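Some notes on the structure that comes next.
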Amino acid sequence: MLKALFLDLDETLCDTFGANQKAKQLMATFVEAEYGSQINGDAFSNAYVTGIYRDWTDVQRLRYMPIIEQQSEVAFRLQLVCDLLLEQGVADINDEAANVIQKKFDRYRLEAFDFYPGIEAFLAVARQHFILVVITNGPEFSQSPKVERVNLAQQVDHIIIGGQEPEEKPAASIFDKALKLANCQAHEVIHVGDSLASDIVGAHNSGITSVWVQHQQALDAKLGINPHHTVMHPSEIPALIDQLHQG
């Protein structure tokens with residue numbers, strides 16, 4: 001019997017990609033207005049988002065991980081802004097100016113951040129039948145404001161933010177915590193998420209049925225990761241969960 005749904009946040013319940021795209025456009029316009037023709041705003045904002053998602057080169061990893069570990073996520077993001085401006089010839093940037101730019105991106109993204117159409121209504125219906133637990137990777141710095149933006153605590157039963165835990169998905173510890181919160185066994189749960197490496201691997205390692213939100217991603221057979229169920233878009237989640245519940 002299905003008793004609980006574990007749900008990813010970004011690209012599963014909420015359109016983070018869309019919010020990022022809007023924030024990048026506005027950030028590009030802002031830095032070009034601040035620093036003039038010497039700045040390529042699109043290149044700057046694209047590199048910033050790549051950086052905060054930690055899609056780093058080896059050199060960047062050696063530079064930024066110590067800042068995160070010894071200082072904070074905020075310190076890393078400020079340094080990232082300074083480094084990206086320096087790459088485009090802006091050498092006189094200080095922490096105060098970098099902070100303004102960084103906060104602009106956060107504000108722009110939060111203003112655009114929202115559930116995919118139909119998901120909020122789905123949560124209301126699903127909560128009548130299941131314990132709902134959201135498990136999201138990422139630092140508290142970025143994830144907590146997103147959670148607050150969509151008033152998530154009022155729409156699900158439990159929220160686990162990876163950055164607040166000893167380990168993130170796909171670690172078994174974070175799924176074990178979710179199982180304890182939901183007071184159920186692995187076979188009584190479905191986990192829905194868009195990341196093969198984090199959501200699907202994590203669910204499988206914990207004996208949980210998986211639903212992969214594919215979007216435009218390719219399923220690489222060489223990885224040997226085969227979701228139990230697949231939907232192309234979050235809009236298909238409600239129908240599949242209803243089917244699995246009824247079946």
So, in the range 144-187, of the ones that are of a type in the set (A, V, I, L, M, F, W, C) and assigned to a loop (DSSP other than H, G, I, E, B), which residue ends up farthest from Ala203 (Cα to Cα)?
Val150
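This table checks each residue for (1) closer than 25 Å to Asp10 by Cα; (2) surrounded by 16 or more Cβ atoms within 10 Å (Cβ to Cβ); (3) not assigned by TED's automatic domain parsing to the domain that holds Asp157.
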residue: Val49; (1), (2), (3): yes, yes, yes
residue: Gln60; (1), (2), (3): yes, no, yes
residue: Ile68; (1), (2), (3): yes, yes, yes
residue: Gln71; (1), (2), (3): no, no, yes
residue: Glu96; (1), (2), (3): no, no, yes
residue: Phe122; (1), (2), (3): yes, yes, no
residue: Arg127; (1), (2), (3): yes, no, no
residue: Phe130; (1), (2), (3): yes, yes, no
residue: Ser142; (1), (2), (3): yes, yes, no
Kindly establish whether Ile135 is buried (at least 20 other Cβ atoms within 10 Å of the Cβ) and assigned to a helix (DSSP H, G or I).
no
Check the range 81-101 and report whether any residue there is farther than 30 Å from His187 by Cα, in a helix (DSSP H, G or I), in contact (Cβ under 8 Å) with a residue 60 or more places away in the chain and within 22 Å of the chain's Cα centre (by Cα).
yes
Please determine, by comparing only the residues of the range 2-12 that are crowded, with 19+ Cβ neighbours inside 10 Å and more than 10 Å from the chain's Cα centre (by Cα), which one is farthest from Pro117 (Cα to Cα).
Ala4
Search the range 153-190 for residues being within 21 Å of the chain's Cα centre (by Cα) and free of Cβ contacts under 8 Å to residues at least 12 places away in the same chain, and hand back the single one that is surrounded by the fewest Cβ atoms within 10 Å (Cβ to Cβ).
Gln154
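Considering each residue of the range 38-62, count those that are part of a helix (DSSP H, G or I) and either on the phi > 0 side of the Ramachandran plot or touching a residue at least 12 places away in the same chain (Cβ under 8 Å) (or both), and give that number.
Start the filter on the range 38-62 by keeping residues that are part of a helix (DSSP H, G or I), which leaves 38, 41-52, 58-62.
Now restrict to residues that are either on the phi > 0 side of the Ramachandran plot or touching a residue at least 12 places away in the same chain (Cβ under 8 Å) (or both): 38, 41-49, 51-52.
Qualifying residue count for the region: 12.
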Answer residue from the range 210-247, given it is assigned to a loop (DSSP other than H, G, I, E, B) and of a type in the set (Gly, Ala, Ser) and is nearest to Val125 (Cα to Cα) among those:
Gly247
From the list Tyr108, Tyr35, which residue is in a helix (DSSP H, G or I), over 20 Å from Val147 (Cα atoms) and not β-branched (Val, Ile, Thr)?
Tyr35
Criterion: assigned by TED's automatic domain parsing to the domain that holds Gln143, in contact with a strand residue (DSSP E or B) (Cβ under 8 Å, 6 or more places away or on another chain) and not hydrophobic (A, V, I, L, M, F, W, C) - qualifying residue of Asp199, Asp220:
Asp199
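The values are calculated or read from the model by the stated rules, or taken from the named source; none is laboratory data. Not measured: the values here are computed from a predicted model. With ideal geometry, Cβ positions are generated from the backbone for all residues, glycine too; neighbour counts draw on all protein chains shown.
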